[in-house]
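To start, the structure itself, in structure tokens.
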């Protein structure tokens with residue numbers, strides 16, 4: 001019986017592989033197209049891309065704390081506070097302090113924000129959802145596992161400030 005060595009036990013490949021470059025190019029392409037489509041759509045409604053993202057998140061989740069919103073759009077609380085300040089001045093969102101913890105501020109769409117959210121179809125998300133719907137359950141599970149692994153590696157790499165962090169382990 002032949003022993004199979006798991007990929008994580010193999011030494012790193014010293015030669016760059018064309019597959020890695022193709023994957024990186026695909027990730028960059030998806031990110032760039034998503035940003036381009038979102039920015040174009042947002043400008044049609046007098047919004048910035050981040051404001052559009054906030055509106056669609058609040059449409060889905062109705063009420064998010066500032067920290068939860070920051071986490072979901074992958075931005076620091078101070079950045080999101082600025083976005084919310086502008087949106088509140090424009091009458092698109094409202095802030096409410098939590099009754100359970102006065103330090104927590106909940107953000108929700110105002111009536112004006114709700115009307116605007118209903119008018120906006122988020123094209124990039126729908127394009128990506130459409131592409132993912134065509135994948136098998138096994139492919140979706142594998143893709144999610146791999147994407148989570150990449151995300152953990154990037155987060156660790158950024159948090160440690162390490163330029164030479166080890167590649168993600170195979171799980």
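The values are calculated or read from the model by the stated rules, or taken from the named source; none is laboratory data. From a predicted model like this one, the values you see are computed outputs, not experimental measurements. Don't worry about glycine lacking a Cβ; one is built from the backbone with ideal geometry, like all the others, and counts go over all protein chains shown.
Descriptive notes on the structure:
- Residue in the range 31-48 that is over 30 Å from residue 114 (Cβ atoms) and at pLDDT 90 or above present: yes
- Within the range 146-159, tally of residues that are loosely packed, with under 12 Cβ neighbours inside 10 Å and in contact (Cβ under 8 Å) with a residue 12 or more places away in the chain: 0
- Single condition residue 74 does not satisfy, out of (1) out of contact with any helix residue (DSSP H, G or I) (no Cβ under 7 Å at 6 or more places or on another chain); (2) farther than 20 Å from residue 120 by Cβ; (3) modelled with pLDDT of 90 or more: (3)
- Within the span defined as the range 112-125, every residue fails to be in a loop (DSSP other than H, G, I, E, B), touching a strand residue (DSSP E or B) at 6+ places or on another chain (Cβ under 7 Å) and under 30 Å from residue 44 (Cα atoms).
- Boolean, residue 116 is at pLDDT 90 or above and farther than 20 Å from residue 48 by Cα: no
- When restricted to residues that are surrounded by 15 or more Cβ atoms within 10 Å (Cβ to Cβ) and not in a strand (DSSP E or B), the range 91-108 contains 1.
To keep it simple, each residue is scored yes or no on (1) in contact with a helix residue (DSSP H, G or I) (Cβ under 6 Å, 6 or more places away or on another chain); (2) surrounded by 14 or more Cβ atoms within 10 Å (Cβ to Cβ); (3) over 28 Å from residue 27 (Cα atoms); (4) free of Cβ contacts under 8 Å to residues at least 60 places away in the same chain.
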| site | (1), (2), (3), (4) |
| --- | --- |
| 58 | no, yes, no, yes |
| 63 | no, no, yes, yes |
| 68 | no, yes, no, yes |
| 110 | no, yes, yes, yes |
| 119 | no, no, yes, no |
| 122 | yes, yes, no, no |
| 135 | no, no, no, yes |
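- Pick from the range 40-73, criterion more than 18 Å from residue 90 (Cβ to Cβ) and assigned to a helix (DSSP H, G or I), ranking: nearest to the chain's Cα centre (by Cα): 72
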